[in-house]
1. Being among the small types (Gly, Ala, Ser), on the phi > 0 side of the Ramachandran plot and in contact (Cβ under 8 Å) with a residue 40 or more places away in the chain is the filter here; which residues of the stretch 118-172 pass it?
2. State yes or no: is GLU152 at pLDDT 95 or above, over 17 Å from GLU18 (Cα atoms), buried (at least 18 other Cβ atoms within 10 Å of the Cβ) and not small (Gly, Ala, Ser)?
3. Just to confirm my filter: which helices (runs of 4 or more DSSP H) fall fully inside the stretch 104-187 and include at least 2 residues that are of a type in the set (A, V, I, L, M, F, W, C)?
4. Can you find even one residue in the stretch 112-125 that is surrounded by fewer than 24 Cβ atoms within 10 Å (Cβ to Cβ) and closer than 24 Å to MET24 by Cα?
5. Considering (1) within 21 Å of GLU246 (Cα to Cα); (2) under 15 Å from the mean Cα position of the chain (by Cα); (3) not aromatic (Phe, Trp, Tyr), say which one GLY138 fails and leave the rest.
6. Are any of the residues in the stretch 236-253 assigned by TED's automatic domain parsing to the domain that holds VAL197, crowded, with 21+ Cβ neighbours inside 10 Å, without any contact (Cβ under 8 Å) to a residue 40 or more places away in the chain and within 18 Å of VAL197 (Cβ to Cβ)?
7. Mind listing whichever residues of the stretch 14-48 are buried (at least 19 other Cβ atoms within 10 Å of the Cβ), in contact (Cβ under 8 Å) with a residue 60 or more places away in the chain and assigned to a loop (DSSP other than H, G, I, E, B)?
8. Of everything in the stretch 131-171, what is among the basic types (Lys, Arg) and under 23 Å from GLY98 (Cβ atoms)? Give them in sequence order.
Amino acid sequence: MNTTDLKLCFIGFGEAAEAFWSGMDHGPVSSVNSYDSLTESPGTAAHEAMQARCNALDVPVCASLGAAVSEADIVISVVTADQAFAVAEATAPLMKKGALFLDCNSCAPQTKQTSARVIDAAGGRYVDVAVMAPVNPGKNRTPLLLSGAHVEDAKAVLDALAMNATIEAGPVGTASSVKMVRSIMVKGMEALFAECVLAGRLAGVDTQVLASLEHSHPGFDWEKRAGYNLERMTQHGIRRASEMEEVCLFLNHLGLEEPLSASTVRWQERLGHSGIVADPADYAGTTDAMIKTFKLTPMKEVQS
């Protein structure tokens, strides 16, 4: 595949698209544009933020999905997990024949397989892309796993763009399986941190608990990790909850009917919808804000 005259389109222009485009090599790119469903909600704070990101990076925003994807060689889908299949379904009949559709969304393997059938049936070329680390600060060097029938061409394109892609041998769904199972631990640990430090703060023993954990598992820096995880959840909890819904779908497909990940969904939603602005360097301040927001009562106040 030609990798020197690429026409790119981003569907969704949030944190991931901004990070990828701001870091990748623009030399092979002859044109770039974007489409985001927020264009249908002009005047909202979210729309203004999206438009500002695009303007800052000189990425034109198209008024319709069709206008965005019709001439693109590479369509990069970076939306929320719950919208990933709807985007693939809407994009399929509008894409140029032979164009690559890079599905970078955190979806269950069966969701990606359904999307692949729709894209490929319309003449596009679907690639399962799993984003294996936070896109910041990694940007274009964030590790990506690729699976499916078109991975060789996809990797050639991503290499030309100075991205960090590795082929995970297997059909569509293989890369996302790695991502989904990994997320059980990563997002689940975030939820456990929230529950642990909030309970510790309510009981007045949070510093003792974190000190004990540091003694048992030195070098992890439990206090720093608590602050970081709480900030991640308050900032990205809604998107993380959507991803964990897909994890639960995958686990149910595997026969695990009562996954712990269902509780992770609830914690991610709770923090994501809280409106709390967290300081990653101050877990105690964040948990105090949680106590106030959730109208909880510290144990010492109950006892008094």
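1. ALA162 - this is the single residue of the stretch 118-172 that is among the small types (Gly, Ala, Ser), on the phi > 0 side of the Ramachandran plot and in contact (Cβ under 8 Å) with a residue 40 or more places away in the chain.
2. Numbers: at pLDDT 95 or above: yes; over 17 Å from GLU18 (Cα atoms): yes; buried (at least 18 other Cβ atoms within 10 Å of the Cβ): no; not small (Gly, Ala, Ser): yes.
Spelling it out, it is not the case that GLU152 is at pLDDT 95 or above, over 17 Å from GLU18 (Cα atoms), buried (at least 18 other Cβ atoms within 10 Å of the Cβ) and not small (Gly, Ala, Ser).
3. 109-121, 151-160
4. Yes: one or more hits.
5. GLY138 satisfies all of (1) within 21 Å of GLU246 (Cα to Cα); (2) under 15 Å from the mean Cα position of the chain (by Cα); (3) not aromatic (Phe, Trp, Tyr) except (1).
6. yes
7. GLY14, MET24
8. LYS155
The values are calculated or read from the model by the stated rules, or taken from the named source; none is laboratory data. All figures in this text were calculated on a predicted structure; none of them were measured in a lab. When we count neighbours, we look across all protein chains shown, and the Cβ atoms used for this are built from the backbone with ideal geometry, even at glycine.
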